[in-house]
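Chemist: Provided herewith is a single structure, encoded as structure tokens, for subsequent inquiry.
Since every read-out is calculated from the coordinates, none of them should be taken as a lab result. Bear in mind that the values here come from a model prediction, so they are computed numbers and not experimental data. Reconstructed Cβ throughout: ideal geometry from the backbone, glycine too, with neighbour counts over all protein chains shown.
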Amino acid sequence: MPGPLEGVRVVELGFWVAGPSAGAVMADWGTEDVIADPQAHAAGVFVEVPAAGGGTVPGIASPVDFSVTPWAPAGPSPECGQHTEEVLLELGYDWAQIAALKDAGAIP
């Protein structure tokens, strides 16, 4: 008869709390192990995020969730360079400077 912790992976609490975050866990365990871990799925680590072209793509949920304002994916991730002009305008660049950056190949 198997013991009560048969097949359960034990990780020190300090590793999760003070340790280097999910990237280190995936590096230590292996990405495939984390993605296949039923406990990670049951804990809601993975969510479906809207994709730009329609449908969804798998993503990592926020580690912070509040009872009154629960977290949810707001929409698809931006395309590369999608907000570059907007950000540069907020930083004080004018359209001539932005055009020069585009002509130089510095921004998409």
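Chemist: For Pro63, only one of the following conditions fails: (1) closer than 26 Å to Cys80 by Cβ; (2) surrounded by 10 or more Cβ atoms within 10 Å (Cβ to Cβ). What is its number?
Modeler: (2)
Chemist: Filter segment 32-54 down to the residues that are surrounded by 10 or more Cβ atoms within 10 Å (Cβ to Cβ) and part of a loop (DSSP other than H, G, I, E, B) and list them by number.
Modeler: Asp37, Ala43, Gly44, Val45, Ala51, Ala52
Chemist: Okay, next question. Considering only residues that are loosely packed, with under 11 Cβ neighbours inside 10 Å and assigned to a loop (DSSP other than H, G, I, E, B), which ones fall in segment 84-107?
Modeler: Leu91, Gly92, Asp94, Ala104, Gly105, Ala106
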